[in-house]
Amino acid sequence: MKIGILSRKPELYSTNRLKEAAEKRQHEVKIIDPLRCYMDITSKKPAIYYKGEKLEDFDAVIPRIGASITFYGTAVVRQFEMMGVYSVNESVAISRSRDKLRSLQLLARKGVGLPVTGFAHSTKFTKDLIGLVGGAPLVVKLLEGTQGIGVVLTETQKAAESVIEAFRGLDAHFLVQEFIEEAGGSDIRCFVIGDKVIAAMKRQGVEGEFRSNIHRGGVATPEKISPEERATAVKAARVMGLNVAGVDILRSKKGPVVMEVNSSPGLRGIESATGKDVAQSIIICIEKHAKKGKTKTRGKG
């Protein structure tokens, strides 16, 4: 097979591991910077060009689209779909997962466990919004934030009001969520491929830090998850339409609740913590499902 990895940085761990795993299984691999692609959008012969070369005869692409380039990156994925190339995660699913508000609404509609979440525009109802999620302490989360950036824990009513008013003053969109205190500053990253959780790790934040992101100093260890947590992770990925996903779960008194569904989950943390060859599992998934023209959307939406 000829596989394209859409990644801005070939030196990244995840990009390297996917390339190694694909070549180990005798596939031809090309790493493509999506921002250097340009497209011929025609009705009969859509095409993509890269550094003066027409990209042809690809069997599959693996999108590693960073949050900062979601718009253009998904346009490139969509163009591949229009050309009949299989994408392990399709453009619509990536866009859906990147929109925090939309993703929570979709998960809620399908009955997936979530923290109590509020969203509003007017500052006139700040107190009502805080009461909606059970009062302080609570978490205020920017819709555009990634890797724990733009996430604030407010421990008192006054602090919550101040942060909300500050974000409103910046004309920023944000969510207000209940604080799951019993999680103890940890979460569970479930790595879903297809309809299975193939690896899971517990991420524990440093002392005094409620965010467990590894980028913020969190420590990862392998974790045995319950059947309910496994089912929740698989269902969340399915609702988003993702074949490969990192589903972040908190253990709450009411059971597992989903914090986020990541469409480009990193491989370093999960492989280091669990010792599992996650990259190879992704390539095997592609081998099973990649067929010319096998895209659900064919570039729609």
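Might you check whether a residue that is surrounded by 14 or more Cβ atoms within 10 Å (Cβ to Cβ), at pLDDT 95 or above and outside any helix (DSSP H, G or I) occurs anywhere in the stretch 224-237?
Among the residues of the stretch 224-237, at least one is surrounded by 14 or more Cβ atoms within 10 Å (Cβ to Cβ), at pLDDT 95 or above and outside any helix (DSSP H, G or I), which makes the answer yes.
How many residues are within 19 Å of Ile283 (Cβ to Cβ) and of a type in the set (Asp, Glu) if we restrict to the stretch 72-99?
1
Check Thr126 against each of (1) part of a helix (DSSP H, G or I); (2) under 30 Å from Ile5 (Cα atoms) and name the one condition it does not meet.
For Thr126, the failing item is (2).
Could you tell me whether any residue of the stretch 293-300 is under 22 Å from Lys235 (Cβ atoms), modelled with pLDDT of 95 or more and not charged (D, E, K, R)?
No, there is no match, as no residue in the stretch 293-300 is under 22 Å from Lys235 (Cβ atoms), modelled with pLDDT of 95 or more and not charged (D, E, K, R).
Does the stretch 150-197 hold any residues that are within 14 Å of Gly134 (Cα to Cα), without any contact (Cβ under 8 Å) to a residue 24 or more places away in the chain and surrounded by 18 or more Cβ atoms within 10 Å (Cβ to Cβ), and which are they?
Thr154
Only one of Ile282, Ile214 is at pLDDT below 95, under 25 Å from Lys100 (Cα atoms) and within 17 Å of the chain's Cα centre (by Cα). Can you tell me which?
The unique qualifying residue is Ile214.
Can you name the residue in the stretch 248-279 that is among the charged types (D, E, K, R) and not in a loop (DSSP other than H, G, I, E, B) and, of all such residues, is surrounded by the fewest Cβ atoms within 10 Å (Cβ to Cβ)?
Initial filter on the stretch 248-279 (among the charged types (D, E, K, R)): 248, 251, 253-254, 260, 268, 271, 276-277.
Going one step further and asking which of them are not in a loop (DSSP other than H, G, I, E, B), we end up with 248, 251, 260, 268, 271.
Details: Asp248: 21, Arg251: 18, Glu260: 18, Arg268: 15, Glu271: 19.
For the stretch 248-279, the residue satisfying everything is Arg268.
The values are calculated or read from the model by the stated rules, or taken from the named source; none is laboratory data. Note that this is a predicted model, so its numbers are computed, not measured. Every residue, glycine as well, gets a Cβ built from its backbone with ideal geometry; the counts of neighbours run over all protein chains shown.
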